[in-house]
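What follows is one structure encoded as structure tokens, with my remarks underneath.
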Amino acid sequence: MKNNSNEHIIRPPKGLVDIDLPEIWRFRELLYVFAWRDIKVRYKQTFVGVAWAIFQPFITMVIFTVIFGRLAKVPSEGAPYPIFVYSGLLFWNYFSGALTAASDCLVANESIVKKVYFPRLLLPVSTAVTPLIDFAFAFLILVGMMIYYHFTPSLLGVVMIPVLLLISLVASSGLGLFLAAVNAKFRDVRYVLPFSIQILMYVTPVIYPVSIIPPKYQWLIFLNPMTGVINCARSLLLHTGAMDWTQFLISTAVGFGLLILGVTYFRKTERFFADIL
């Protein structure tokens, strides 16, 4: 049966994870357009521009250092508390920023989704690019702090930075895909998510080390994919302790599990987006 060349039939997923990679490759330039548009919108007509990407984690680091490092005396596994907490905030801010943007991408692009066909997966993926710009600028502060505190990262630590970013991207995109699909129908997500992210930060070892948790319960916290990312970054960059690769692999597996869950649910509900938005 021949189809009109101007028509595109959206078929339901055939398997657990159904991704039309050739189609996504054909629309690869659109991914660039979406990403570049988000970057321009984010930084256009801003007073401080990209400097905000540095100010936000830096000021947060100062506040956490005073409250948790000086007053609460939270241990930092031998590293100065400012660089200890900043290394955690660096990856956490990327994760939370990408997750927030991905969860709202369908609603924010409602008019496009309703009028034009394109692989909807491109929207949440493109939203993960903009926080990478913030990460790059904020990472320069970490480099400066490492020089100031005389920390020399291991070669493995340098190599692992892109890997840790990839895991953060996978986890945020997976959860973001799921929440974007839910948010298309129930707009409560945009109100609940900011509070949930704040709570999630405190069950992620951003302001405290994993070592303060009893060993028999540590596997629970590593079910949070960002725990493995942050713990690995500190172990390899700041030499805060021996790297536990088993726990890191648990976090990585959970991150990719979230991606599978997100893609599966997103694809199963994708054909209804134009009707419910």
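The values are calculated or read from the model by the stated rules, or taken from the named source; none is laboratory data. Quantities reported herein were computed from a predicted structural model and do not represent experimental measurements. Here the Cβ is made from the backbone with ideal geometry for all residues, glycine too, and neighbour counts use every protein chain on show.
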(message) Just to be sure before I move on: is I39 of a type in the set (V, I, T), modelled with pLDDT under 85 and assigned to a helix (DSSP H, G or I) in the structure I sent?
(response) yes
(request) Identify all residues within region 64-97 that are free of Cβ contacts under 8 Å to residues at least 60 places away in the same chain and among the hydroxyl-bearing types (S, T, Y); write none if there are none. (result) T65, Y81, Y86
(message) Taking the conditions exactly as written (at pLDDT below 65, surrounded by 10 or more Cβ atoms within 10 Å (Cβ to Cβ) and either under 20 Å from the mean Cα position of the chain (by Cα) or not in a helix (DSSP H, G or I) (or both)), does V17 satisfy them or not?
(response) yes
(request) State which residue is modelled with the lowest pLDDT when the search covers only region 148-174 and only residues that are in contact with a Pro (Cβ under 7 Å, 6 or more places away or on another chain) and in a helix (DSSP H, G or I). (result) S173
(message) Tell me the residue from T65, T46 that is exposed (fewer than 13 other Cβ atoms within 10 Å of the Cβ), over 21 Å from the mean Cα position of the chain (by Cα) and either modelled with pLDDT under 80 or in a helix (DSSP H, G or I) (or both), please.
(response) T46
(request) Within region 236-258, track down each residue that is part of a helix (DSSP H, G or I), in contact (Cβ under 8 Å) with a residue 40 or more places away in the chain and either crowded, with 22+ Cβ neighbours inside 10 Å or not aliphatic (A, V, I, L, M) (or both). (result) L237, S251, T252, G255, F256, G257
(message) Any residue at all in region 132-147 that's of a type outside the set (K, R), in a loop (DSSP other than H, G, I, E, B) and either out of contact with any His (no Cβ under 8 Å at 6 or more places or on another chain) or without any contact (Cβ under 8 Å) to a residue 60 or more places away in the chain (or both)?
(response) no
(request) Quick one: in region 98-151, of everything that is of a type in the set (G, A, S) and surrounded by fewer than 19 Cβ atoms within 10 Å (Cβ to Cβ), which residue is farthest from F178 (Cα to Cα)? (result) G144
(message) Just to be sure before I move on: is L106 modelled with pLDDT under 90 and either of a type in the set (K, R) or within 20 Å of the chain's Cα centre (by Cα) (or both) in the structure I sent?
(response) yes
